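The values are calculated or read from the model by the stated rules, or taken from the named source; none is laboratory data. These numbers come from a predicted model, not from an experiment. Reconstructed Cβ throughout: ideal geometry from the backbone, glycine too, with neighbour counts over all protein chains shown.
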Amino acid sequence: MSLIDIAFYFFAILIIASAYIVVTSKNIMYSAFALLFTFFGVAGIYVLLNADFLAITQIVIYIGGILVLIIFGVMLTNRITGVDIKTGTMSKFQIWMTAILCVIAAIGLILIFTQTNWNTALSPTKASTIEDIGTLLLTDYLIGFEIASVLLLIAIIGAALIARRKTN
Amino acid sequence: MIDEIFLSQLKQSVDLFLPETILVATFIIALIFDLIYKNSRYLIAVISIIGLVFSGIFLVNQSTSSAAIFSGMLSFDPFGNFFKILILLTTIIIVLMSVFSKELYEGGRKTGEYYILIVGMTFGMFLLAVANNLIIVYLAIETMSISSYILAGYTKEIKRASEASLKYVIFGAVSSGMMIYGISLIYGLTGSLTFDAINSAMISSDISGLTLLIAGLMIIAGIGYKISAVPFHFWTPDVYEGAPITITAYLSVASKAAGFAVLIRFLKVSFFDSTNYANDEIWTLIGTIDWQIVIAILSVLTMTLGNLVALWQTNMKRLLAYSSIAHAGYILMGVVVMTDIGVTSVLIYFFVYMIMNLGAFLVVMIIANKTGNEDIQKYNGIGHKAPFVSACMVIFLISLTGLPPTAGFIGKWAVFTAVLKSEYIWLAVVGVLNSVVSLYYYVKIFRNMYIRNFEDDSEIYEFSPGTYILLIILAVPTLIFGIYFTPLLDWAESSVKIFLGV
Amino acid sequence: MTINLEHYLILSVILFCFGIYGIITRKNAVMVLMGLELVLNSANINFVAFSRFGGLNIEGHVAAIFVIILAAAEAAVALAIILNIYQNYKHINVDEISNLKE
């Protein structure tokens with residue numbers, strides 16, 4: 001086993017274990033903290049996949065932005081933090097059925113995906129992807145870049161509008 | 001790298017992108033005016049209308065040629081132009097409707113952002129109508145969705161509106177999550193995200209059918225959510241009932257139009273043999289997956305469930321929600337045909353559907369302005385209290401059923417002829433049976449309006465002249481297009497060309 | 001055994017199914033949102049893995065960046081709506097909000 005293999009298995013186990021806690025924990029704060037480790041593990045996977053810029057973006061936006069937002073959401077919708085919130089109203093049977101169906105779906109998808117011939121090619125080794133990403137974003141994906149900026153403006157206006165307190 | 005060719009192409013792209021640019025400019029100008037004149041009631045609506053009309057002028061004047069703009073990210077073609085004009089007309093009518101909405105202005109609510117977000121949503125739908133790349137589709141769907149999530153909950157202190165908005169955002173986010181997973185699989189299979197590049201990858205290499213089916217279904221789930229096709233429709237009744245009526249009407253027409261535009265473009269450009277396009281009538285599927293069957297199943301489920309559940313509804317908004325699900329099913333029948341005739345019928349049906357559905361929602365809105373809710377019991381005796389409004393409602397209902405001499409008949413006729421010309425005769429039979437079922441619930445409204453008449457006859461409802469003008473604007477075309485429909489046919493036939501790349 | 005495309009795909013499928021499981025079984029709206037983030041992350045792993053093994057095609061990276069941007073925008077709007085619901089109802093369990101039922 002090379003070092004890269006060990007790193008992959010480390011991150012994979014980190015992601016799977018923490019994702020398991022995210023979806024099963026009864027305490028919403030535990031779920032939020034487990035999500036932190038999932039995001040961190042995914043950032044590690046990006047590094048292994050030669051995506052340095054994305055790994056940084058993942059940490060800055062997912063952990064620094066979205067996760068903080070979610071934790072604020074948890075705290076603002078519960079007056080006392082860290083207290084168990086009733087999280088499940090499904091019966092045990094329904095939850096087990098869902099779990100079994102998800103496992104079957106996962107096995108099915110894995111079987112199909114390992115049989116699929118994906119589009120692959122030999123990859124050149126690159127020191128960094130930042131320059132290529134920047135060029136692509138401002139040439140071919142220029143319009144996507146512009147749409148994203150309008151979209152973020154809409155989201156800011158909308159979120160401020162909906163979340164602000166009633167004035168009258 | 002950036003060079004002269006790229007810059008000249010960019011300049012051409014920006015020229016063709018003018019209608020959208022005007023929308024963004026309107027969005028920003030309206031935002032600034034909203035900050036300065038905080039308490040004006042109609043100013044932002046007026047600014048939005050001016051911007052929309054300007055955008056429309058440039059849209060109509062644009063040449064009918066086809067081109068790939070912004071490095072093939074968007075396809076500029078008559079097909080996209082048709083949907084853009086349709087979306088723009090809907091938006092203008094909705095803004096005019098909103099000005100008369102009592103629900104929206106209740107309690108001195110600020111409505112500046114409402115019109116601003118409508119303009120933003122229009123921008124998203126414009127892009128969806130011309131998007132030629134899966135990532136742009138995803139971005140445009142999200143631009144449209146995020147605006148509509150907020151608009152659905154705009155009357156935020158009303159519980160049912162905030163609830164509608166929560167359901168819409170949670171399920172919408174999940175469906176777009178599925179969609180992006182499907183997009184990532186398509187990227188893995190073909191190594192590309194642009195529709196025409198996907199097409200050439202499918203021709204040149206052997207694509208695993210099962211994986212393609214899963215990826216395609218996931219993407220159709222994301223689009224199907226927007227056009228509320230069964231089984232992705234479950235949000236529709238709740239959101240349509242909870243959202244302000246104007247937004248319900250908007251979602252039922254404009255966002256469906258954008259969804260259908262992208263569905264047809266995605267299927268046609270990605271999965272049909274473009275090398276054989278000399279003969280317009282025949283589209284040849286490539287790959288092993290028969291997408292026609294997939295869409296046919298969706299269509300049957302959608303119209304049957306929509307019509308059957310509509311029979312039990314007692315709330316007008318809910319009833320029209322299920323009716324709009326059923327209409328999405330009829331339109332999907334036109335998509336199943338997958339020929340130019342099929343696409344023409346979809347365009348005709350959509351134009352007709354826009355007029356009659358907006359008309360029906362307008363009547364529901366002005367009745368709700370008087371009675372305070374949309375319960376079907378409130379329609380008892382409306383025929384005597386508001387004769388003109390009821391007469392218009394009858395026209396819209398006849399049209400929604402699809403009976404002559406209204407525009408609805410022309411739409412149904414176009415779709416059924418297209419289906420009969422293909423090998424899907426059974427689909428046409430299911431469609432006709434469904435239309436018969438739909439007659440029952442439309443007649444129920446009619447019966448409540450005219451035949452059931454209790455309480456006091458003395459009260460006559462008065463409406464503002466503006467609402468009458470809007471009603472006439474919608475009711476007259478519903479009748480005219482039922483008799484003189486040649487211009488509509490010509491326009492649809494000339495708009496059927498989808499740009500396929502070079 | 002070296003790590004290849006299949007390993008990353010299996011990881012992404014597992015993450016995707018965890019996300020779907022969370023979305024279906026959780027009733028708290030914030031929890032559903034967390035499940036959704038898992039789904040988006042699994043799609044992103046796909047994009048980056050396909051990009052890496054498909055000749056370092058940077059298009060996949062750009063797609064992943066857009067997904068991250070949209071996840072942030074969506075989370076912001078969803079949480080604003082959840083806060084508004086909380087002010088109206090004082091709880092955020094999706095199935096307890098049932099003014100709108102057949």
Discussion item. I need the full set of residues from the range B:284-308 which are part of a helix (DSSP H, G or I) and surrounded by fewer than 16 Cβ atoms within 10 Å (Cβ to Cβ), in order please.
Written reply: B:I293, B:I297, B:L308
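Conditions (1) without any contact (Cβ under 8 Å) to a residue 60 or more places away in the chain; (2) part of a helix (DSSP H, G or I); (3) away from every other protein chain (no Cβ under 14 Å), marked per residue:
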{"site": "B:L23", "(1), (2), (3)": "no, yes, no"}
{"site": "B:I29", "(1), (2), (3)": "yes, yes, no"}
{"site": "B:I32", "(1), (2), (3)": "yes, yes, no"}
{"site": "B:L35", "(1), (2), (3)": "yes, yes, no"}
{"site": "B:V46", "(1), (2), (3)": "yes, yes, yes"}
{"site": "B:I49", "(1), (2), (3)": "yes, yes, yes"}
{"site": "B:V53", "(1), (2), (3)": "yes, yes, yes"}
{"site": "B:V60", "(1), (2), (3)": "yes, yes, yes"}
{"site": "B:I92", "(1), (2), (3)": "yes, yes, yes"}
Discussion item. So B:A201 passes all but one of these: (1) within 26 Å of B:S148 (Cβ to Cβ); (2) small (G, A, S); (3) part of a helix (DSSP H, G or I). Which condition number does it fail?
Written reply: (1)
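Going residue by residue through the range B:368-376, is there one that turns out to be of a type outside the set (D, E) and closer than 30 Å to B:L427 by Cβ?
Going through the range B:368-376, the residues of a type outside the set (D, E) turn out to be B:368-373, B:376.
The next check asks that each one be closer than 30 Å to B:L427 by Cβ; those that pass are none.
For the range B:368-376, residues of a type outside the set (D, E) and closer than 30 Å to B:L427 by Cβ: absent.
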Response to the item:
Within the range B:94-129, of all residues that are among the charged types (D, E, K, R) and within 14 Å of chain A (Cβ to nearest Cβ), the one nearest to B:I50 (Cα to Cα) is B:E113
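Going by the conditions given, is B:G80 touching a helix residue (DSSP H, G or I) at 6+ places or on another chain (Cβ under 7 Å), buried (at least 22 other Cβ atoms within 10 Å of the Cβ), within 12 Å of another protein chain (Cβ to nearest Cβ) and modelled with pLDDT of 85 or more? Before the answer, list the steps.
Numbers: touching a helix residue (DSSP H, G or I) at 6+ places or on another chain (Cβ under 7 Å): yes; buried (at least 22 other Cβ atoms within 10 Å of the Cβ): yes; within 12 Å of another protein chain (Cβ to nearest Cβ): no; modelled with pLDDT of 85 or more: yes.
In short, no.
Each row is one residue, and each column tells you yes or no for (1) within 18 Å of B:L298 (Cα to Cα); (2) without any contact (Cβ under 8 Å) to a residue 24 or more places away in the chain; (3) out of contact with any Ser or Thr (no Cβ under 6 Å at 6 or more places or on another chain); (4) in a helix (DSSP H, G or I).
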| residue | (1), (2), (3), (4) |
| --- | --- |
| B:V389 | no, no, yes, yes |
| B:I395 | no, no, no, yes |
| B:I410 | no, no, yes, yes |
| B:W413 | no, yes, yes, yes |
| B:A418 | yes, no, no, yes |
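Does the range A:41-73 hold any residues that are of a type in the set (F, W, Y) and more than 15 Å from the chain's Cα centre (by Cα), and which are they? Can you show your working first?
Narrowing the range A:41-73 to residues of a type in the set (F, W, Y): A:46, A:53, A:62, A:72.
Matches in the range A:41-73: A:F53, A:F72.
Return yes when A:A19 is assigned to a helix (DSSP H, G or I) and within 9 Å of another protein chain (Cβ to nearest Cβ) and no when it is not. Let's see the steps before the verdict.
Working: assigned to a helix (DSSP H, G or I): yes; within 9 Å of another protein chain (Cβ to nearest Cβ): yes.
Yes.
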Item to complete: Quickly run through the range B:190-212 and pick out the residues that are within 24 Å of B:A68 (Cα to Cα) and aliphatic (A, V, I, L, M).
Response: B:L193, B:A197, B:I198, B:A201, B:M202, B:I203
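Among the residues of the range A:88-106, how many are within 9 Å of chain C (Cβ to nearest Cβ) and either part of a loop (DSSP other than H, G, I, E, B) or under 24 Å from C:G55 (Cβ atoms) (or both)?
Pass one, the range A:88-106, residues within 9 Å of chain C (Cβ to nearest Cβ): A:88-90, A:94-95, A:98-99, A:101-103, A:105-106.
Now restrict to residues that are either part of a loop (DSSP other than H, G, I, E, B) or under 24 Å from C:G55 (Cβ atoms) (or both): A:88-90.
Number of matching residues: 3.
Can you say whether B:A360 is away from every other protein chain (no Cβ under 14 Å), more than 26 Å from B:K385 (Cα to Cα) and in contact with a helix residue (DSSP H, G or I) (Cβ under 8 Å, 6 or more places away or on another chain), as far as the supplied structure shows?
Numbers: away from every other protein chain (no Cβ under 14 Å): yes; more than 26 Å from B:K385 (Cα to Cα): no; in contact with a helix residue (DSSP H, G or I) (Cβ under 8 Å, 6 or more places away or on another chain): yes.
In short, no.
Results for (1) of a type outside the set (A, V, I, L, M, F, W, C); (2) at the interface with chain A (Cβ under 7 Å from one of its Cβ atoms); (3) farther than 19 Å from B:G182 by Cβ, shown as yes or no for each residue.
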{"residue": "C:I3", "(1), (2), (3)": "no, yes, yes"}
{"residue": "C:L38", "(1), (2), (3)": "no, yes, no"}
{"residue": "C:A43", "(1), (2), (3)": "no, no, no"}
{"residue": "C:S51", "(1), (2), (3)": "yes, no, no"}
{"residue": "C:V67", "(1), (2), (3)": "no, no, no"}
Worksheet item: Checking A:L35 against (1) more than 7 Å from chain C (Cβ to nearest Cβ); (2) touching an Asp or Glu at 6+ places or on another chain (Cβ under 7 Å); (3) not acidic (D, E), which test does it fail?
Response: (1)
Item to complete: Select from the range A:107-143 the residues that are assigned to a helix (DSSP H, G or I), more than 7 Å from every other protein chain (Cβ to nearest Cβ) and in contact (Cβ under 8 Å) with a residue 24 or more places away in the chain and list them in ascending order.
Response: A:I130
Item to complete: Among the numbered conditions (1) away from chain A (no Cβ under 13 Å); (2) at pLDDT 90 or above; (3) part of a helix (DSSP H, G or I), tell me where B:Y187 comes up short.
Response: (1)
Item to complete: Starting from the range B:107-130, keep only residues that are buried (at least 24 other Cβ atoms within 10 Å of the Cβ), then list their pairs with residues that are in a helix (DSSP H, G or I) and of a type in the set (F, W, Y) whose Cβ atoms are within a distance under 7 Å, requiring at least 6 positions of separation or different chains.
Response: B:I116/B:F27; B:V119/B:F27; B:G120/B:F27; B:F123/B:F27; B:A129/B:F83
Worksheet entry | Count - residues of the range A:158-168 that are out of contact with any Gly (no Cβ under 8 Å at 6 or more places or on another chain) and at the interface with another protein chain (Cβ under 7 Å from one of its Cβ atoms) | 5
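Take A:E146 and tell me if it is surrounded by fewer than 13 Cβ atoms within 10 Å (Cβ to Cβ), without any contact (Cβ under 8 Å) to a residue 40 or more places away in the chain, farther than 30 Å from B:L210 by Cα and outside the structural domain of A:L49 (by TED's automatic domain parsing). Quick ask: steps written out before the conclusion?
Numbers: surrounded by fewer than 13 Cβ atoms within 10 Å (Cβ to Cβ): no; without any contact (Cβ under 8 Å) to a residue 40 or more places away in the chain: yes; farther than 30 Å from B:L210 by Cα: yes; outside the structural domain of A:L49 (by TED's automatic domain parsing): yes.
It is false that A:E146 is surrounded by fewer than 13 Cβ atoms within 10 Å (Cβ to Cβ), without any contact (Cβ under 8 Å) to a residue 40 or more places away in the chain, farther than 30 Å from B:L210 by Cα and outside the structural domain of A:L49 (by TED's automatic domain parsing).
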Item to complete: Please give the number of the condition C:I92 fails out of (1) surrounded by fewer than 20 Cβ atoms within 10 Å (Cβ to Cβ); (2) modelled with pLDDT under 85; (3) under 29 Å from A:W96 (Cα atoms).
Response: (1)
Worksheet item: On the given criteria, is C:I23 more than 7 Å from chain A (Cβ to nearest Cβ), under 11 Å from the mean Cα position of the chain (by Cα) and hydrophobic (A, V, I, L, M, F, W, C)?
Response: yes
Practice prompt. Taking the residues in the range B:7-21 that are in contact (Cβ under 8 Å) with a residue 12 or more places away in the chain and in a helix (DSSP H, G or I) as candidates, determine which candidate is nearest to B:G124 (Cα to Cα).
Written response: B:E20
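Listed residues B:F33, B:F27, B:F17, B:F54; which is touching a strand residue (DSSP E or B) at 6+ places or on another chain (Cβ under 9 Å), of a type in the set (A, V, I, L, M, F, W, C) and at pLDDT 90 or above? Can you show your working first?
Numbers: B:F33 fails: touching a strand residue (DSSP E or B) at 6+ places or on another chain (Cβ under 9 Å); B:F27 fails: touching a strand residue (DSSP E or B) at 6+ places or on another chain (Cβ under 9 Å); B:F54 fails: touching a strand residue (DSSP E or B) at 6+ places or on another chain (Cβ under 9 Å).
None of the others qualify; the one that does is B:F17.
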Practice prompt. Could you tell me which numbered condition B:W312 fails, if it satisfies all but one of (1) without any contact (Cβ under 8 Å) to a residue 12 or more places away in the chain; (2) within 22 Å of B:T246 (Cβ to Cβ); (3) not charged (D, E, K, R)?
Written response: (2)
